[in-house]
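Notes to accompany the following structure.
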Amino acid sequence: MITSQTYASRSGSQYEWVDLQSQSVDEVNQIAAKYNIHPLAVEEILEGGERSRIQDFENHTLIVLQPLTALGDEPEFDSLEVILSKSWVLTFHKRSLKEIDDVKQTVDSGARAANQGPDFSFTQYSAALLIPTLVSQILTRRESTV
């Protein structure tokens, strides 16, 4: 499923957030062609399994995260790939992620940081929402196994 939303920045320009959930190979390739995504970033999105990291390319930055999810009794690491540029942000994930929904809700609410542009907005909100949630999940899982 592909969703796209356009936001206005304080400078008067606009930026786009394209979110792909349970994306097909064709959808990834279509978006990669449209936004000129580096082949190594496309490979990461399609194959996954890599460790969390940040990798800069000429016109965008790839951020690979592994949010902890609970499927049944055992915790699992999911995958979330984020590609940032000055005029758009792309997110790729296999399952619905509460953290992505929280970031979308905050940006949709018109929060001031949402007007700073995609690189600022996403890094600020992902740091504010994703990191505490991930730490909390890890601690909760650790406590339940002790």
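The values are calculated or read from the model by the stated rules, or taken from the named source; none is laboratory data. Here the structure is a predicted model, which means the values were calculated and not measured. Here Cβ is always computed from backbone atoms with ideal geometry, including for glycine, and neighbour counts include all displayed protein chains.
Table for the structure above
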{"item": "Set 20, 40, 46, 65: member being buried (at least 19 other Cβ atoms within 10 Å of the Cβ) and either touching a Phe, Trp or Tyr at 6+ places or on another chain (Cβ under 9 Å) or closer than 17 Å to residue 2 by Cβ (or both)", "result": "20"}
{"item": "Where residue 74 falls short, out of the listed (1) more than 24 Å from residue 34 (Cα to Cα); (2) at pLDDT below 70", "result": "(2)"}
{"item": "Search result, residues across segment 85-110 that are within 9 Å of the chain's Cα centre (by Cα) and not in a helix (DSSP H, G or I)", "result": "89, 90, 91, 92, 93"}
{"item": "Pairs, first touching a residue at least 40 places away in the same chain (Cβ under 8 Å) and among the hydroxyl-bearing types (Ser, Thr, Tyr) in segment 80-109, second surrounded by fewer than 22 Cβ atoms within 10 Å (Cβ to Cβ) and part of a helix (DSSP H, G or I), C-beta under 7 Å, six or more apart", "result": "91/100"}
